[in-house]
Structure formats: C-alpha cells, structure tokens
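Colleague: Pasting a structure below so you can have a look.
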Amino acid sequence: MTAFLVVVGLTGTILAFRSKIDHLLNPQFYAEVKPGQTPLDPATLAERAEALVPQAKPGFFSVGKYQASISIRPRKNPATGQPYDLAFDHLILDPYTGGELGRCCADPTWRVKFMPFIYQLHTSVVLGNTGAWILGIVALVWTLDCFVGFYLTLPRGPGGFWRRWKYAWQTKWRANAFRINFDLHRAGGLWSWALLFVFAWSSVMLSLRPVYDHVTKAVFDYRSDEENISSVTLPQPLDTPKLGWREAQTLGERAMAQVAAQHGFTITRPYGMAYIPEFGVYTYAVRGSNDIRGEGWDTSIWIDGNTGALRDVSLPSGQHAGNTVSTVLWGLHYGDIRNFLPYRILVAFFGLVLTVISVTGVYIWWKKREGRKLAALANTRIAGTSATAVINT
C-alpha cells in the first residue's frame, strides 16, 4: 500500500494546483483576458471546432475563463471506412475569439505532457484500467485501515480514558528516533483522520465504482452512472442527429431555465455542451448557485438529438442524497469546493502528510518485525542451551 499511497500522495499535492501549474508551463494554451470580454456561446465554439478539424466531431467541452477545452472524436474516413488517425484528442480554443490555441497532446515537449502524465500516474500509475483497479483495491483496504488505525490508538486497560488517550495526539520530540517516528505516525493519523477517510473512500468512488455504488445505494437514495447509462443507451449510435449545435443550445437554454425555476437555483453562465451518439442526446451544462464545486460538469441536462425533448436532469445537490454526497466527495478529493483556496492548499499539504504517515507506518512495521525476529532467535538459542544442559545432566 505504501508504494501506491506515496505515489498518489505526492502527485495529489501537484494536482491540487493542476490548472495553475499547467498555465505556468504552457501559457500558449491560455487566452489573455481583456476587460469587458464575454466568452462565445458553446454552439459557436463547437461550430468553430468542426471548421478547424473537419475530420473530427466535438465531444464534451467546457468553457472556462482562459480556454475552451474541447474533446474530439475522429470521424470515419469515407475512403477506408475507418476513423481518421489523429495525433491529438483535445482542441483548445480562445473562448472569446474562437481562435485555436493548441492541440493536446500533439506537441511532444515535456511541458505539454507533464500534467497529463502526473494525472495518469495519480489515477492509474500509468497502467490504464489495470492500474485503476489496483488503486481501487488499495483505496478499499486503505478505507478499512482508517478504522483499524483509529482503533489501535485507543488506550487499553483501567484508568482515565481521555487522560491517557491525549498522549496519542502528541509527539515527543525529545524522545529517540523510533519514538518520534511512532508518534508522527499515530498523531498524524489522528489529526488528519477525517481527511484520510474522505480521500480513501473518494478514491474507491473514482477507481472501484461497483463497490462504491453498492455501498452508497445501501445507505442513501442514489442513482448510479450505470443506471443512467443503461436507461438511455441506444441499440445503435445516432451519429447524425436532426438537431445541430445551435438548435440544441437554444432548446437547452430554454429547458435549463425551467429546471432552475423548478429547483430554485439561479444560472450563472453556460459551462459546456456535448453530443453523445451512443445515447442520441446533447448535454447542456451551466454553472449555477447550487454548484458545490468551483468547476465541473455538475448542473446539466440531456436533450434528445432528434426531437429536442428533455431526457434527463443532473443536479449537484438536492436531487438524490447519495448523488449529493458523491458530488461533495468529488470536490473534496480534487480540492475544489467553490474554488476555496485555503482548502486547495490544505489538500496539497495533505498529500505530503499522507506520504509521511505511509512511510512512518512501514518503518514501525519493519522495526517491530526486526524485534520479533531477534526475540525468536533469542528464544531458539535459550531453548538450545537448555536442551544441551539437560543432556549433559
């Protein structure tokens, strides 16, 4: 576990400021914001993307302050019947002019690939689905270990519970190296226990979804992604819907306004769109007063690609208790609770704390293991000496 937790802890510290670091490394992918500028509407940006890359269709895309990041899906080459071979999977546009800022990750330089690599290292140790499953299992064991570790800090035997337990929260800096290491592990785990549990369980949510869905459904009113997908998946993908981007946006704006009035939140701005052929729907997302995260695809609706009928509504809170909890866990895990900077800094610091707790835990295990080996060796020697004495007698 330690090997994986050290990796996710250190990479998590970096990812807490993922966009800031990427902005510093790759300023060419970020537009210069001028006073009074207003981002283009999502449909215009989608049409611009299609004009720039006619071999591809826009997928999910979001419109931020500095860039519009558009995922792309290759179209089929009519000459071969196979999808076009593209060297990138995201097109980045200036959200104010629609001009192209870059294609990710066509540029092979380390600056462009650094943050995507750190993200893959954090989410799958660069092993794809296999790595994600491994991290999910580690996260599940880590979740259980949170409770085991807490239990082991509790005092045993007679005497005042609170008076004795308070020592578990302290570090004796003047003691020997092993005792300092032990106190750092125990006290560090107690003081950060809530975050340890949140990050462990949210890691299960992100990497071992079937387990998370089963537990959450048993405790809360919860609608899983699998249920959502199975209810709308078409027998065959609808690659060419009757509605275009602009018609879908107009209907999405109208439907979202009705949803906002019904659920009592206000719309701040459009956030993004997508067309999903497997479901035959357009998604239309906004930022709203009910959002929990500062960024993210939280408040969205699905519009039928042919008829424009409202197919589904997804809200970050107030819809299903289990889904509200999941949205909060997403925000806590990624250091994004309404873009609250102090919490983001705490998440970055926690990555270092997790590394310290993991390493000190292994050191304690190793020292105790060495102690058991020495004790066993001593007992063997004592037993051998006693047997020799008996024989001589």
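The values are calculated or read from the model by the stated rules, or taken from the named source; none is laboratory data. These numbers come from a predicted model, not from an experiment. So basically every Cβ, Gly included, is an ideal-geometry build from the backbone, and we count neighbours across all protein chains shown.
Colleague: Just give me the residues in the range 75-94 being within 30 Å of the chain's Cα centre (by Cα), of a type in the set (A, V, I, L, M, F, W, C) and more than 20 Å from residue 274 (Cα to Cα), in sequence order.
Modeller: 87
To keep it simple, each residue is scored yes or no on (1) among the small types (Gly, Ala, Ser); (2) over 26 Å from the mean Cα position of the chain (by Cα).
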{"site": "26", "(1), (2)": "no, no"}
{"site": "37", "(1), (2)": "no, yes"}
{"site": "61", "(1), (2)": "no, no"}
{"site": "68", "(1), (2)": "yes, no"}
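Colleague: Inside the range 318-350, can you point out the residues that are in a helix (DSSP H, G or I) and of a type in the set (Gly, Ala, Ser)? Don't jump to the end; show me each part of the working.
Modeller: Of all residues in the range 318-350, those in a helix (DSSP H, G or I) come to 321-333, 341-350.
Of everything in the range 318-350, those that are in a helix (DSSP H, G or I) and of a type in the set (Gly, Ala, Ser) turn out to be 321, 322, 326, 331, 348.
Colleague: Considering each of 357, 364, 337 in turn, give the residue that is β-branched (Val, Ile, Thr), closer than 26 Å to residue 219 by Cα and outside the structural domain of residue 64 (by TED's automatic domain parsing).
Modeller: On the way: 357 fails: closer than 26 Å to residue 219 by Cα; 364 fails: closer than 26 Å to residue 219 by Cα.
It is 337.
Colleague: Can you find a residue in the range 100-123 that is among the small types (Gly, Ala, Ser) and not assigned by TED's automatic domain parsing to the domain that holds residue 208? Before the answer, list the steps.
Modeller: As a first pass, look at the range 100-123 and keep what is among the small types (Gly, Ala, Ser): 102, 106.
From what is left, the residues that are not assigned by TED's automatic domain parsing to the domain that holds residue 208 are 102, 106.
Checked against the condition, which is being among the small types (Gly, Ala, Ser) and not assigned by TED's automatic domain parsing to the domain that holds residue 208, the range 100-123 yields at least one hit.
Colleague: Test each condition in (1) in contact with a Phe, Trp or Tyr (Cβ under 9 Å, 6 or more places away or on another chain); (2) outside the structural domain of residue 178 (by TED's automatic domain parsing) for residue 348 and report the one that comes out false.
Modeller: Exception for residue 348: condition (2).
Colleague: Can you confirm whether the range 281-290 contains a residue that is assigned to a loop (DSSP other than H, G, I, E, B), in contact (Cβ under 8 Å) with a residue 12 or more places away in the chain and outside the structural domain of residue 243 (by TED's automatic domain parsing)? Let's see the steps before the verdict.
Modeller: First, pick out the residues of the range 281-290 that are assigned to a loop (DSSP other than H, G, I, E, B): 289-290.
Imposing the further condition that a residue be in contact (Cβ under 8 Å) with a residue 12 or more places away in the chain reduces the set to 289-290.
Pick out the ones that are also outside the structural domain of residue 243 (by TED's automatic domain parsing) and you get none.
For the range 281-290, residues assigned to a loop (DSSP other than H, G, I, E, B), in contact (Cβ under 8 Å) with a residue 12 or more places away in the chain and outside the structural domain of residue 243 (by TED's automatic domain parsing): absent.
Colleague: Which one of these is surrounded by 18 or more Cβ atoms within 10 Å (Cβ to Cβ), closer than 23 Å to residue 12 by Cα and of a type outside the set (A, V, I, L, M, F, W, C): 130, 216, 143?
Modeller: Values: 130 fails: surrounded by 18 or more Cβ atoms within 10 Å (Cβ to Cβ); 216 fails: closer than 23 Å to residue 12 by Cα.
Testing whether each residue is surrounded by 18 or more Cβ atoms within 10 Å (Cβ to Cβ), closer than 23 Å to residue 12 by Cα and of a type outside the set (A, V, I, L, M, F, W, C) leaves just 143.
Colleague: Based on what the data block shows, is residue 120 within 20 Å of the chain's Cα centre (by Cα), polar (S, T, N, Q) and at negative phi? Walk me through how you get there before you give the answer.
Modeller: Numbers: within 20 Å of the chain's Cα centre (by Cα): yes; polar (S, T, N, Q): yes; at negative phi: yes.
Answer is yes for this residue.
Matching residues to (1) under 23 Å from residue 327 (Cα atoms); (2) without any contact (Cβ under 8 Å) to a residue 40 or more places away in the chain; (3) in a strand (DSSP E or B):
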| residue | (1), (2), (3) |
| --- | --- |
| 226 | yes, yes, no |
| 237 | no, no, no |
| 241 | no, no, no |
| 246 | no, no, no |
| 255 | yes, no, no |
| 272 | yes, no, yes |
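Colleague: Give the number of residues within the range 6-53 that are farther than 30 Å from residue 351 by Cα, part of a helix (DSSP H, G or I) and not basic (Lys, Arg). Quick ask: steps written out before the conclusion?
Modeller: Taking the range 6-53 and keeping what is farther than 30 Å from residue 351 by Cα, we get 31-53.
Filter once more, keeping what is part of a helix (DSSP H, G or I): 42-52.
When the remaining residues are screened for being not basic (Lys, Arg), the result is 42-47, 49-52.
Total satisfying the criteria: 10.
Colleague: Does residue 274 count as of a type in the set (A, V, I, L, M, F, W, C), buried (at least 20 other Cβ atoms within 10 Å of the Cβ) and under 21 Å from the mean Cα position of the chain (by Cα)? Give the derivation first.
Modeller: Details: of a type in the set (A, V, I, L, M, F, W, C): yes; buried (at least 20 other Cβ atoms within 10 Å of the Cβ): yes; under 21 Å from the mean Cα position of the chain (by Cα): yes.
In short, yes.
Colleague: Kindly indicate whether any position in the range 380-393 is free of Cβ contacts under 8 Å to residues at least 12 places away in the same chain and not in a helix (DSSP H, G or I).
Modeller: Here is the first cut: in the range 380-393, the ones free of Cβ contacts under 8 Å to residues at least 12 places away in the same chain are 380-393.
Remaining after also requiring not in a helix (DSSP H, G or I): 393.
Looking for residues that are free of Cβ contacts under 8 Å to residues at least 12 places away in the same chain and not in a helix (DSSP H, G or I), one finds at least one in the range 380-393, hence yes.
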